[in-house]
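One structure is given below, encoded as structure tokens.
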Amino acid sequence: MRRRRHGGAVNPRPPQLRRLALVVLAVLLLGGGSLGYVLHARHRDLPTAAGDGSFSLAAPGLYYRDAATGRVARQSGTGGPPATGGPPCERFYAAGERALCLRKLPGIPARTQALVLDRQLREVKRVTVPGIPNRARVSASGNVLSWTAFATGDSYATTAFSTRTSILDLRTGYLIKSMEEIPLTIDGTRYHAPDVNYWGVTFARDDNRFYATVSTKGRTHLVEGDLRNWSAKALRENVECPSLSPDNTRIAFKKKVSDDPAAPWRLYVLDLADLREHPLAETHSVDDQAAWLDEMTVGYALPGREGRAGDIWSVPADGTGAPRLLMPGASSPAATY
């Protein structure tokens, strides 16, 4: 291009060329930004450690949510100081090859984020559902998981609540967002009602059979479910938050024993062979889904004493003995072997 001189200086580029240069620069900037976004999104979607990287499920012990930090910690069976550095969770449970971490997301309306974690506590799947985190369970193999969130309300002690319970089968990737559509049988008859609520799922070792609470018309029922056939049947009334024993023969549960909203429940164990029950030695009202720490011991959380946010206690499953404080300032017990 031939330069034109004016007063001894190089003449500026024609307007058309300046506009072209600006367009090229904008395209380059936008392209770089888009590439950065894509790379960030790809990095975001990769499995990441939910804890600090040094904490995993490899060591056996009692896993729990530490109230002081909001993170998962572990107490080994040999004693000593707890191991810390687990992921932040509001509800936690672990079994087999997986863990489940429930978090309340900020904002309104309330939403729960369910994080499925591997043994290194790296995120492998994330599901977001409406409501407040409430119950979490993982089958013994780690293949099937369930969580419950309060869709409205935040306490089982009143009738002004509703729940949303989900089931995730990692073998197939199939997610049941809400159990309310499962065909339900009560007293031998197919049951339909708009007020049906499910919560507190617990799984058998075969990764097919499960137990849960269903409430309707002011009553609660223990139901036995079948994942393959997608059906559920009521076994008996007044059973909430069931927890199946490791040998799959008994269920620990909370039973309503009073109309006092401050202390309505007591822990019981039900023998599935004959549906006979017996109370446990814990006389305080327990609003928790108890966890079997071994074949003969049940763990659960109670409101904290001495100003603590919560405590984990244990009690013999046969109704003998006395409650024992396991971990002060803690909740969401889960024992791994």
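One table, with the values for the structure above:
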{"item": "Distance between modelled label sites at residue 206 and residue 105, nm, 7 Å Cα→Cβ extension", "result": "3.7 nm"}
{"item": "Rg to Rh quotient for segment 81-228, alpha carbon positions, Kirkwood Rh", "result": "0.98"}
{"item": "Residues of type lysines that residue 125 reaches as a straight line, Cα spacing below 18 Å, ignoring anything fewer than 8 places off in the same chain", "result": "104, 177"}
{"item": "Efficiency of FRET between residue 193 and residue 54 - r from beta-carbon atoms, R0 56 angstrom, step 0.05", "result": "0.70"}
{"item": "Hydrodynamic radius of segment 80-135 per Kirkwood, over alpha carbon pairs, in Å", "result": "12.0 Å"}
{"item": "Dimensionless Rg ratio for segment 58-154, taking C-alpha atoms and the 2.2 N^0.38 Å reference", "result": "1.09"}
{"item": "5 angstrom amide H check on residue 238, placed H, neighbours 5+ away", "result": "220, 221, 222"}
{"item": "Alpha-carbon Rg with Dmax, taken over segment 230-337, Å", "result": "13.8, 46"}
{"item": "Extension gain (nm, one decimal) between residue 320 and residue 119, 0.36 nm per residue minus Cα-Cα", "result": "68.9 nm"}
{"item": "Cα pair distances exceeding 16 angstrom across segment 146-272, given as percent", "result": "61 percent"}
{"item": "Ordering of 267-274, 288-295 by burial proxy (mean other Cβ atoms within 10 Å per residue, highest first)", "result": "288-295, 267-274"}
{"item": "HN-Hα J in Hz across segment 276-293 - Karplus 6.51, -1.76, 1.60, θ = phi - 60°, x for Gly and Pro", "result": "8, 10, 8, x, 8, 6, 6, 9, 6, 6, 10, 9, 7, 8, 4, 10, 6, 7"}
{"item": "Stretch gain in nm, segment residue 152-residue 309, where the contour uses 0.36 nm per residue and the Cα spacing is subtracted", "result": "54.2 nm"}
{"item": "Calculated SAXS-style log₁₀ I(q)/I(0) at q = 0.27, 0.33 Å⁻¹ - segment 107-151, Debye, Cα scatterers", "result": "-1.02, -1.20"}
{"item": "Packing-based order for 190-199, 80-89, using average beta carbon neighbours within 10 Å, highest first", "result": "80-89, 190-199"}
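Read-outs throughout are calculated quantities, based only on the coordinates presented, and are distinct from any laboratory measurement. For clarity, every value in this text was computed on a predicted model and none was experimentally measured. Neighbour counts run over all protein chains shown; Cβ positions are idealised from the backbone, glycine included.
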